[in-house]
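The values are calculated or read from the model by the stated rules, or taken from the named source; none is laboratory data. What you see is a predicted model, and the numbers here were worked out from it, not measured in a lab. Here the Cβ is made from the backbone with ideal geometry for all residues, glycine too, and neighbour counts use every protein chain on show.
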Amino acid sequence: MNQRHMLQSYARIAVALALALILLMPVLWLVQMSLRPAGDFLSTEFPFTPSLESYGALWTGNFPKSFGNSLIGSTLSTLLALLIGVPAAYVLERARFRYRRGIAFLILSTRMAPPIAFTIPYFLAFRYAGLHDTLTGLTLVYLSFNLALVVWMMQTFFAQLPGALEEAASIDGCSPWQSFRMVALPLVAPGLGATGVLCFTYSWNDFFFALILTRTHAMTAPVAIVNFMQFDGWEWGKIAAAAVMVMLPVVVFTMLVRRFLVAGLTAGAVKE
């Protein structure tokens, strides 16, 4: 029986490793392509001598500025969405007023339409307001979409908290704001981590709005990668290196909050 259990465990491990290898194969292939020397990017020969030539060439052009634009825009939009959306979600869940559910539905409905439906209104409004090709305008676009996601997700997390906790805090003399900040907010920290990762990832990986609403000054990293695809040839080394650099911030951010991310995404999955 013990030997049978050991064989089953080894079989599960083998299947898990095989699935992980299949999922990671495109990423691993991209990394090895970025490390190949010039003129050998599409080769399948192994082993090869790694080279950082593509990464060095990447940072001599406009890519560093585009990378910074993505980092600033994604971080600001995520922080603003959490700063505005978390209190709004708390009020929509805890306060009892007319049309509360209707307001929550209207906020969520902003994510129901495909992004292309908002392209022309955003483009015309930004051109009229002087926000076209600006980092401020791009941050506002990401904020408008992330805000609905924050309210929708955080309202669910607040709904899982017993109302008796805030009632006990009010008996002890806490104001509603103090109850929110000192009682409810720490208890939904896993939800904040999960929501923050999703908002940052959405903003960071956006290509469509950044392509339409920017030109040069506010160009983001995903759009900058397209510039390496030219009529006279594609710069495969720079494309691969830029793609790896674009993946790194999301991976680092996710690793930093992985404990909250797992707890937040699995919250409510098991009911005691």
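Quick notes on this structure:
- In the range 215-242, the residues that are within 20 Å of Y202 (Cβ to Cβ) form Cβ pairs under 8 Å with partners that are surrounded by fewer than 19 Cβ atoms within 10 Å (Cβ to Cβ) and modelled with pLDDT under 85, at six or more places apart or across chains, as follows: M219/N62; A224/N62.
- The lone exception for I225 - which of (1) under 18 Å from N146 (Cβ atoms); (2) part of a helix (DSSP H, G or I); (3) at pLDDT 85 or above it fails: (1)
- Among residues of the range 69-89 that are touching a residue at least 12 places away in the same chain (Cβ under 8 Å), those with a Cβ under 6 angstrom from a residue that is surrounded by 16 or more Cβ atoms within 10 Å (Cβ to Cβ) and outside any helix (DSSP H, G or I), sequence gap 6+ or separate chain, pair up as N69/A218; N69/T220; S70/T220.
- Residue list for the range 129-182, filter: surrounded by fewer than 19 Cβ atoms within 10 Å (Cβ to Cβ), charged (D, E, K, R) and either in a helix (DSSP H, G or I) or at pLDDT 90 or above (or both): E167, R181
- Where S34 falls short, out of the listed (1) assigned by TED's automatic domain parsing to the domain that holds A194; (2) under 24 Å from V223 (Cβ atoms): (1)
- Scanning the range 198-232 for residues being of a type in the set (D, E) and either under 17 Å from Y142 (Cα atoms) or in contact with a His (Cβ under 8 Å, 6 or more places away or on another chain) (or both) gives a total of 1.
- Criterion (touching a Pro at 6+ places or on another chain (Cβ under 9 Å) and modelled with pLDDT of 85 or more) met by exactly one of L198, L211: L211
- Segments classed as helices (runs of 4 or more DSSP H), wholly inside the range 1-116, with at least 3 members that are surrounded by fewer than 12 Cβ atoms within 10 Å (Cβ to Cβ) and at pLDDT below 85: 2-34, 100-109
- Residue check for V31: within 26 Å of I225 (Cβ to Cβ), β-branched (V, I, T) and in contact with a helix residue (DSSP H, G or I) (Cβ under 7 Å, 6 or more places away or on another chain): yes
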